[in-house]
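Novice: For reference, the structure I am asking about is given below.
The values are calculated or read from the model by the stated rules, or taken from the named source; none is laboratory data. Remember, predicted model here, so these are calculated numbers, not experimental data. In this analysis, Cβ positions are derived from the backbone assuming ideal geometry, glycine residues included, and neighbour counts consider all displayed protein chains.
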Amino acid sequence: MSEVPEGLREYLSAPALQPVWAALRVRLERRGHQLIGSVPIPLDDERADRLGGLLGRNLTPGKTLNISLRDLDAALRRSAAQRGLAAVVAELTGGPVRDRVAEKASTRAERDQVLAGLDAALIDAGIASADWIVPWTDWLRRGGILTRLASSAAADSLRLAVWIIADVLNQPSSVRSLAELATQFTGSAHGLDDGTPTSALVLRGLAHALDLPPAATPAERRTLWQRVGISTDEISGTVLVWALRPPGADRWSAMMRERADLGLITHLTAHELHRADELTAPGEIVHACENPQVLQQLAAAGIDRPVICTSGNPSAAAAMLLDRVHVRYHGDFDWPGIAIARRMIERGATPWRMSRGDYLEAVDRLPTANHLPLTGRVEPTPWDGELHRVMAATDIAVHEEAVIDLLIADTRHSPDHEARPSNTHETSSPHR
């Protein structure tokens, strides 16, 4: 039912005045219904006549009227409408005039309340002091993911995300499927499917924790899950292997030995590893590198020893393989490389040319023209407490390719077999 009397409604609804009410609606919504200032209205003959009749004064066509919101509100209240400007504009334009100022304030208050709950969740999960928390929470404050959810849903998703991130980061040796992780925390195998709010919050947090760019595509998101030991499936994540000769009598082991004899590099999936029995002879040493170019050069050098390559942070397939073989690991001497090395060593790998002395030797061998500064945050080196300090002071990055001749020599001369070392703080290569 119309609140404005029919005769006045017909007078105010004339096509000539429709742009006036539309402009006033925009102004009122932006200013929180405040009757402040004026709105410029170009006057034609009909608009001048009708607005002049409403305001009680003569208006000149062909000019622009800066119509005062307060004057127009008073005129409407004196008219047969007996209502203020916001109520009349709402009726003439088809719906309530929103108070965007109040809406923003309410949204901000709800977001602040959700983020206050975040602080408590971070403390409970034991990760409040992690250095990646600040950039993650900055993203949360700037981003729209929380504002697109009701405050209760946002709080629930954020709390779940905190506990999931903490669980994944605190179990570097764990290899699980995404469905298992989702069921554990959300009660549904699909609770962390691509596109869910909780999944988006977790993945952005993990990207900050690993100092990686945000995962923007489905493939990048699968890769990020795999890098923290979470398999989205059994076939997309792989680990590169060279000269791996499983000793079993089964057809798969025979196939792998044949590929090694043919000099072929193999991409192994989690699907295969789930079904493989023994991967190496008891105590056999497997060397591991970070960069595929290093594996390629080791293969080109004819190294007849098993070598694996994680291609950066280990995928779920790489993690499964690492848990089943005796590994000596070498990576880049830069902060992302050190972070990867720490995760590898936490999984049980032995450092391979990753000590303070190895770093300084590598820097000395590096031509001055190839000196690049370290970037990113300083990463701890628990296997060698001095390494990260020396790296920070020297401020030179050394990538694996710079010491490829030493890695080739190591893989040629180190013993074939060794009992798994009990001291994971060994830092020298085996022949040194």
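Novice: Out of the helices (runs of 4 or more DSSP H) lying entirely within the stretch 1-69, which hold 3 or more residues that are touching a helix residue (DSSP H, G or I) at 6+ places or on another chain (Cβ under 8 Å) and more than 30 Å from Ala102 (Cα to Cα)?
Specialist: 45-55
Novice: Out of Ala80, Ala87, Ala121, report the one residue that is assigned to a helix (DSSP H, G or I), surrounded by 12 or more Cβ atoms within 10 Å (Cβ to Cβ) and not assigned by TED's automatic domain parsing to the domain that holds Ala154.
Specialist: Ala87
Novice: Quick one: which residue in Thr93, Thr64 is closer than 19 Å to Ala22 by Cβ, among the hydroxyl-bearing types (Ser, Thr, Tyr) and free of Cβ contacts under 8 Å to residues at least 60 places away in the same chain?
Specialist: Thr64
Novice: Something else: Go through (1) farther than 30 Å from Pro5 by Cα; (2) modelled with pLDDT of 90 or more one by one and return the number of the condition Ala87 breaks.
Specialist: (1)
Novice: A further question follows. Mind listing whichever residues of the stretch 160-207 are buried (at least 21 other Cβ atoms within 10 Å of the Cβ) and of a type outside the set (A, V, I, L, M, F, W, C)?
Specialist: Matches in the stretch 160-207: Thr198, Ser199, Arg204, Gly205.
Novice: Same structure again: Out of all the residues in the stretch 340-355, which are at pLDDT 95 or above and either surrounded by fewer than 16 Cβ atoms within 10 Å (Cβ to Cβ) or farther than 11 Å from Tyr329 by Cβ (or both)?
Specialist: Matches in the stretch 340-355: Ser355 only.
Novice: Related question: In the stretch 216-255, which residue that is crowded, with 16+ Cβ neighbours inside 10 Å and of a type in the set (Lys, Arg) is farthest from Ile285 (Cα to Cα)?
Specialist: The qualifying residue farthest from Ile285 (Cα to Cα) is Arg221.
Novice: Okay, moving on. Checking the condition surrounded by fewer than 24 Cβ atoms within 10 Å (Cβ to Cβ) and assigned to a helix (DSSP H, G or I), which residue from Glu278, Glu258 passes?
Specialist: One residue alone meets the criteria, Glu258.
Novice: If Val286 passes every condition in (1) buried (at least 20 other Cβ atoms within 10 Å of the Cβ); (2) not in a strand (DSSP E or B) but one, which one does it miss?
Specialist: (2)
Novice: Return the residues of the stretch 193-229 that are at pLDDT 85 or above and among the β-branched types (Val, Ile, Thr); say none if nothing qualifies.
Specialist: Thr196, Thr198, Val202, Thr217
Residue by residue, here is whether (1) at negative phi; (2) surrounded by 23 or more Cβ atoms within 10 Å (Cβ to Cβ); (3) outside any helix (DSSP H, G or I); (4) out of contact with any strand residue (DSSP E or B) (no Cβ under 9 Å at 6 or more places or on another chain) holds:
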| residue | (1), (2), (3), (4) |
| --- | --- |
| Asp304 | yes, no, yes, yes |
| Gly357 | yes, no, no, yes |
| Arg377 | yes, no, yes, yes |
| Met391 | yes, yes, no, no |
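Novice: Also: Give me the pairs: first residue in the stretch 389-413 and more than 14 Å from Asp332 (Cα to Cα), second residue buried (at least 17 other Cβ atoms within 10 Å of the Cβ) and β-branched (Val, Ile, Thr), beta-carbon distance under 8 Å, and six or more apart or on different chains, which are they?
Specialist: Pairs that qualify, where the first residue is more than 14 Å from Asp332 (Cα to Cα) and the partner is buried (at least 17 other Cβ atoms within 10 Å of the Cβ) and β-branched (Val, Ile, Thr), are Thr394/Val363; Ile408/Ile303; Thr411/Ile303; Thr411/Val307; Arg412/Ile303.
Novice: Could you count how many residues in the stretch 211-260 are closer than 30 Å to Asp131 by Cα, in contact (Cβ under 8 Å) with a residue 12 or more places away in the chain and touching a Phe, Trp or Tyr at 6+ places or on another chain (Cβ under 9 Å)?
Specialist: 5
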